[in-house]
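The next block holds one structure in the form of structure tokens; read it before the comments.
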Amino acid sequence: MVDCFRKVTAAEGFGALWAGVGPRMVVVGALFGVSMLSFEMLKLQLKHAGNKSAAAAEAASREQARYASSGAGAKGPDSDRA
């Protein structure tokens, strides 16, 4: 491997070792940007969906508490048959 580096630098110069790095970095940068944007958008969507389910659970809890405090939940549906 060292021999390869010596031959390339002797024949083409030290800059030949870095040939093609610029265009590759442009491609990698664009791909990284797209993946980061996708991740952030998905994170926001999941957070928004979680907030909806948390609000629904809170509303159900309030409804259950209201039902229990009205006395309807204490007797049960078959308590008047006894």
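The values are calculated or read from the model by the stated rules, or taken from the named source; none is laboratory data. No experiment lies behind these values; they were computed from the predicted model shown. So basically every Cβ, Gly included, is an ideal-geometry build from the backbone, and we count neighbours across all protein chains shown.
Points worth noting:
- Looking across the stretch 27-42, the residues that are under 15 Å from the mean Cα position of the chain (by Cα) and among the aliphatic types (A, V, I, L, M) come down to Val34, Met36, Leu37, Met41, Leu42.
- Which numbered condition Leu17 misses (of (1) over 23 Å from Phe5 (Cβ atoms); (2) modelled with pLDDT under 90): (1)
- Verdict on Ala49 being surrounded by 10 or more Cβ atoms within 10 Å (Cβ to Cβ) and either modelled with pLDDT under 90 or touching a Leu at 6+ places or on another chain (Cβ under 7 Å) (or both): yes
- Contact map, the stretch 53-82: first residue surrounded by 10 or more Cβ atoms within 10 Å (Cβ to Cβ), second residue part of a helix (DSSP H, G or I) and modelled with pLDDT under 75, Cβ cut-off under 9 Å, separation 6 or more or different chains; pairs are Gln64/Gly73; Tyr67/Gly73; Ala68/Ala74.
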